[in-house]
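For reference, the structure discussed in these notes is given below.
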Amino acid sequence: MSEMTEKKTVFSGVQPSGNLTIGNYLGAIKNFSRFSEEYKTFYCVVDLHAITVRQVPAELRRRTYETLALYMACGLDADKNTLFVQSHVPQHAELGWILDCYTMFGELSRMTQFKDKSAKHSQNINAGLFTYPALMAADILLYQTDIVPVGIDQKQHLELARDVAMRFNQIYSDTFRIPEGYIPTDTMKIMSLAEPTAKMSKSDPNQNAVVYILDSKDDIMRKFKRAVTDSDSVVRYSEDKPGVSNLMTIYRAFTGKSLDEIEREFDGRGYGEFKLAVGEACADGLAPVRAEFDRLIADKAYLEAVMKKGAEDAYHTARKTMSKVRRKIGFVG
Ligand code: TRP
């Protein structure tokens, strides 16, 4: 295939935390599988990034398997996507170090995630936490990535990756493709069930505010029953009704019904019934994901085979970029 007709590349990294929310599912993961029709896609479990905060070894290992299984259960087909673990492909660490030397202290100091995380982990403000975005740039640039689907919270890191790539290209001539972010619009932003003006966050200490993809049906129903609404009783989408609007967004996502249809469906029926219906739709929508997850997580050998094949495939592409990088910098051999 000539370069002109080659498929464009999509890359995204996911933290090895097993507990993804319906916000992650509806806003991002569910759509990932669509890319594989049109693009060459790489999805990477970023264990090197994970150790910038302290991890319990057995849990990190377990979560790495779980994250892979969960993404596959959400629809990422291992035959159509390259699914792999970051530390299995040594070029990530290698290019990460190199890009550290082309990333400025001042740039890294401005990263809001670094500021937030160093406030949260004040006993462990390590150098890796600081240079995290340079490693993320390496992840992306190794695969000559065109498109990076990420949440809005990663926009600043992505811009840094572009800046570093352009800087490198300017010093040494064209080496890296300049990636574009693909940041889903707010229409699919899922809010907390307890505080519907804040985004649903997997680390929310109030567990009733968050619905996880792998929650049991009982948990899902209980959480929706307790969801904060308002003192009105009309199911209507409106800015001054953030709780109800959020539930309508979730219901729409799982049923495919429009907001108008939902308003009509619950006309005169009150919030109690509506919440039950949202809970049912969510539990039904997630049931196949959960069943597939249970099946996959019980089959470690299969997951390991997927990781191995993914790493081999990723290695092949990463190696090409690295040999270019090494040559341009002036490394011998
Ligand atoms: N930093 C991202 C996050 O916290 C994860 C990540 C690591 C990533 N490397 C990446 C995302 C490369 C996109 C591309 O969510």
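Restricting ASP313, ASP294, ASP260 to those that are at pLDDT 95 or above and touching a Ser or Thr at 6+ places or on another chain (Cβ under 6 Å) reduces the list to ASP313. Among the residues in segment 78-85, are any in the same structural domain as ILE147 (by TED's automatic domain parsing), within 20 Å of ASP153 (Cβ to Cβ) and within 14 Å of the ligand (Cβ to nearest atom)? Checked against the condition, which is being in the same structural domain as ILE147 (by TED's automatic domain parsing), within 20 Å of ASP153 (Cβ to Cβ) and within 14 Å of the ligand (Cβ to nearest atom), segment 78-85 yields no hits at all. Taking the listed residues LYS217, LYS225, LYS199, the one that is over 25 Å from LEU83 (Cα atoms) and modelled with pLDDT under 95 is LYS199, with no other qualifying.
Residue by residue, here is whether (1) closer than 19 Å to GLY279 by Cβ; (2) free of Cβ contacts under 8 Å to residues at least 60 places away in the same chain holds:
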| site | (1), (2) |
| --- | --- |
| SER201 | no, no |
| PRO205 | no, yes |
| VAL210 | yes, no |
| ILE213 | yes, no |
| PHE224 | yes, yes |
| VAL234 | no, yes |
| LYS241 | yes, yes |
| THR255 | yes, yes |
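Select from segment 139-195 the residues that are within 16 Å of GLY96 (Cα to Cα) and outside any helix (DSSP H, G or I) and write down the one among them that is farthest from the ligand (Cβ to nearest atom). Looking at the filtered set, the residue picked out is THR175. Scanning segment 114-138 for residues that are within 14 Å of the ligand (Cβ to nearest atom) and touching a Lys or Arg at 6+ places or on another chain (Cβ under 9 Å) gives LEU129, TYR132, ALA137. Only residues that are surrounded by 12 or more Cβ atoms within 10 Å (Cβ to Cβ) and either free of Cβ contacts under 8 Å to residues at least 24 places away in the same chain or more than 12 Å from LEU141 (Cα to Cα) (or both) were counted across segment 161-173, and they come to 5.
The values are calculated or read from the model by the stated rules, or taken from the named source; none is laboratory data. Just so it is clear, the structure is predicted and the values come from calculations on it, not from any experiment. Ideal geometry is used to build each Cβ from the backbone, glycine not excepted, and the neighbour counts take in all protein chains shown.
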